[in-house]
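Before any comments, here is the structure.
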Amino acid sequence: MLYSEIADAYEKIEATTKRLEMTDLLVDLLKRTPKEIIDKVVYLTQGKIYPDFVKLEIGVAERLAIKALAHASGRRESEIEEDMKKSGDIGETSQKFIAQKRQLTFFQKPLTVQKVYETLDKMAHASGSGAVDTKISLLAGLLADATPKEAKYIMRAVTGNLRLGIADMTVLDALAIAYGGGKETRELVERAYNISSDLGRVAKVLAEEGIEGIKKFKVVVGEPIRPMLAERLSSPEEILEKLSGKCIAEYKYDGERIQAHKKGEEITLYSRRLEDISDQYPDAIELLRRHVLAKEAILEAECVAIDPDTGEMRPFQELMHRRRKYGIEKAMEEYPVSLFMFDALYVDGKDLTLEPYPVRRRVLKNVVREGERVKIAKSVIAGNIKELENFFLEAIEDGCEGLMCKSVNEDSVYQAGARGWLWIKYKRDYKSEMTDTVDLVVVGAFHGRGKRAGTYGALLLAAYNSENDIFETVTKCGTGFTDEDLAKLPEMMKKHVISHRHPRVHSLIEADVWFEPKVVIEVLGAEITLSPIHTCAVNSIRQGSGLAIRFPRFTGNFRIDKAAEDATTTSEIVEMYQKQLKKIAES
């Protein structure tokens, strides 16, 4: 298969503002893809060459990409950099310079998908003192054989900014239509992905073996399971009503959620975004070796920073000091961690994801030997409002965010990759003012004026509509940013800039700059009101009106641990609004 076919499809996908059309274009591409390389095409369409949990990246910074482009085009690096300042997109600049290259390449061969993939794979594996030169040479060789359009998408891929905005859910829809017989098989295909986190492998098995092959997917140690997510309510009455009058209430710790995979002495830690973060937490790995009794297990825990002097829990932001390549030993001393275990997904050959939560918790207690820094998440079985309210206050007093309230019913399975009413977050009360932060996705920006000339004056933020897999605008935020924040925002967001509103963004507001929905920031507002211009939960409260957050303020917290789809949902915003109305009526 020629890489030009992929580049043509990407160009059409990038140009559309319609989500259904995006899916149709993807279906067409997948149908035309030979089955033996469909996994590679899916990875490339995700902007990667392996699933997230494989600790291998192409690893080409923009600076190196510019050097490779200079080699391939015969132009000076300074010329390329100058054009980059105008375009803001290494892909557009590469397309232009390859089209105008000064030295024609003799014996130029058409690029195949296999050739592009193998070259990117060699770049990812390049290591040692000559790795940088090797990567530049390999990339320059690719560009020498590439058409201008191919160069655009190759360069975007190697720098990690494909800008297509194709979500995994869109790929699953397209796979179900192309090879599963229709959208009715989507649930089975999604289950395979949820327990393997490998979209390329799912695609290949589905294309080669059909739905019967998909049914054979099993939970495997070393392949992270996509995490189950929670809904949010703000009163014990509503929570107990949703959970049939009884629940297991657990402390909601302010830490980093990890999924630990143990196979003998070998332990791997994955983040909620399924990245291998083992190198950041060697102390946590040692704790798990000593305290997990099972030979093989997949367990979930909250990794919490603790004060080495007092043993008290520190806030989540303290863990950001552990996100480094060097100086981990010193960071371990300054920011030690404790583990609070809260779920067992697999133990010694048994898949527990389809077992009710009380069963999973019993297994967890049997395989974890508690110690000073490894504990089962503190919990109670609550059957009335007073019990739940008292435990909530106790959790806040102990430095937690609130509670996670979990169903004890027979259907309380582990909903991998899904958000549902089996788990409900109970955080601080929402009064007439917003007293809890929300995590919102940056989808657009407005040019600054006066002191903010040259940067962004405000960001357009959206909540995630999980039902329709779109992002709905909820506020414009220009307050709370430090001078340092404002200075780095354009550079930070540059790789996500696109030329038009993204097809998964629903906005009535016309931004000066549009972004693919990737970056999540934490915001605190004054209140939630009806809005004629924002699309968050439009028509759910009143016909023609959405919901908006008034007087938003950036808290200073860039939520780099969260994907866009992990942001606050529109249904959570609705719940917060309704709770706010109730509080106002009572006061």
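Assorted remarks:
- Annotated for the range 438-586: lysine pairs at least 8 residues apart or interchain, Cα distance under 15 Å, count 4.
- Couplings for the range 137-152, taken from phi via the Karplus curve 6.51 cos²θ - 1.76 cosθ + 1.60 with θ = phi - 60°, read 5, 4, 5, 4, x, 4, 5, 5, 8, 7, 6, x, 5, 4, 4, 4 Hz in order; Gly and Pro are left as x.
- The range 137-154 and the range 502-568: distance between their alpha carbon centers, rounded to Å: 38
- For the range 67-206, relative contact order (Cα pairs under 8 Å, six or more residues apart, normalised by length) works out to 25 percent.
- Close amide H contacts of Gly546 (hydrogens built in the peptide plane, cut-off under 5 Å, sequence separation of 5 or more or a different chain): Ser531, Ile533, His534, Asn539.
- Database remark: amide H of Leu233 closer than 5 angstrom to the amide H of Lys425, Lys427 (H placed geometrically; neighbours at sequence offset of 5 or more, or on other chains; Pro and chain starts carry no H).
- Rounded FRET efficiency, nearest 0.05, which uses the C-beta distance separating Gln108 from Asn366 and R0 of 60 Å: 0.40
- Summing +1 for each Lys or Arg and -1 for each Asp or Glu among the other residues whose beta-carbon sits under 9 angstrom from that of Lys378 gives -2.
- Remark on Ala294: its backbone amide H falls under 5 Å from none of the residues 5 or more positions apart or on other chains, H modelled at 1.01 Å from N.
- Derived scalar couplings between HN and Hα for the range 363-372 equal 4, 4, 5, 6, 9, 10, 8, 5, x, 4 Hz in order, rounded to whole Hz, by the Karplus curve 6.51 cos²θ - 1.76 cosθ + 1.60 (θ = phi - 60°), x for Gly and Pro.
- With both labels modelled 7 Å from their Cα along Cα-to-Cβ, the Asp28 to Met320 distance reads 4.4 nm.
- Of all DSSP-defined beta bridges confined to the chain, some 85% are antiparallel rather than parallel.
- Segments 73-80, 539-546 sorted - mean Cβ within 10 Å per residue, highest first: 73-80, 539-546
- Cα gyration tensor, the range 229-427 - rounded (a/c under 1.5), prolate or oblate: oblate
- Residue-span extension gain [Arg290 to Arg257] - 0.36 nm each, minus C-alpha spacing: 9.9 nm
- Sequence-distant lysines (8 or more away, or on other chains) whose Cα lies within less than 21 Å of Lys365: Lys246, Lys252, Lys262, Lys263, Lys295, Lys350, Lys375, Lys378, Lys406
- Gyration tensor (alpha-carbon) shape descriptor, the range 207-275, a/c threshold 1.5: oblate
- With the simple model of a label 7 Å out from the Cα in the direction of the Cβ, Glu36 to Val54 spans 1.8 nm.
- Dimensions of the chain from C-alpha coordinates, computed as largest minus smallest value along each principal axis and given longest first, are 79, 58, 54 Å.
- Here the 3J(HN,Hα) profile of the range 157-173, calculated from phi with Karplus coefficients 6.51, -1.76 and 1.60 at θ = phi - 60°, is 5, 5, 8, x, 9, 5, 6, 7, x, 7, 7, 4, 5, 5, 5, 4, 4 Hz, Gly and Pro shown as x.
- Taking only Cα atoms of the range 438-586, radius of gyration then Dmax in Å: 14.7, 47
- Each peptide in 405-411, 318-324, 484-490 gets a packing score, the mean of other Cβ atoms within 10 Å over its residues, and the list from highest to lowest is 405-411, 318-324, 484-490.
- Once the Cα-Cα distance is subtracted from the 0.36 nm per residue extended length, the Glu275 to Lys218 segment shows a gain of 18.5 nm.
- About the Cα centre, charge dipole magnitude for the chain (Lys/Arg +1, Asp/Glu -1 at Cβ), debye: 1160
- For the range 225-263 versus the range 298-375, the spacing of their alpha-carbon centroids is 15 Å.
- Distance (nanometres) between label positions extended 7 Å along Cα→Cβ at Ile533 and Ala99: 3.6
- Taking the centroid of alpha carbons for each part, the range 447-467 and the range 380-420 are 35 Å apart.
- Residues in the range 503-530 that a label on Leu581 would reach, taking backbone N under 12 Å of a point 7 Å out along Cα→Cβ: 529-530
- A dipole drawn for the range 229-427 from +1 and -1 charges on Cβ atoms has a positive end, and of Leu354, Ser244, Tyr426 the residue lying farthest that way is Leu354.
- From its DSSP helices (H runs of at least four residues, each -39,500 (n - 2.57)), the chain gives a residue-normalised ellipticity at 222 nm of -12000 deg cm²/dmol.
- Mean Cβ count within 10 Å, highest first, over the residues of peptides 513-521, 151-159: 151-159, 513-521
Bear in mind these aren't lab numbers, they're just calculated from the coordinates by the rules spelled out. Keep in mind that what you see is a predicted model, and the values were worked out from it rather than measured. Using ideal geometry, Cβ is built from the backbone for each residue, glycine included, and neighbour counts are taken over all protein chains shown.
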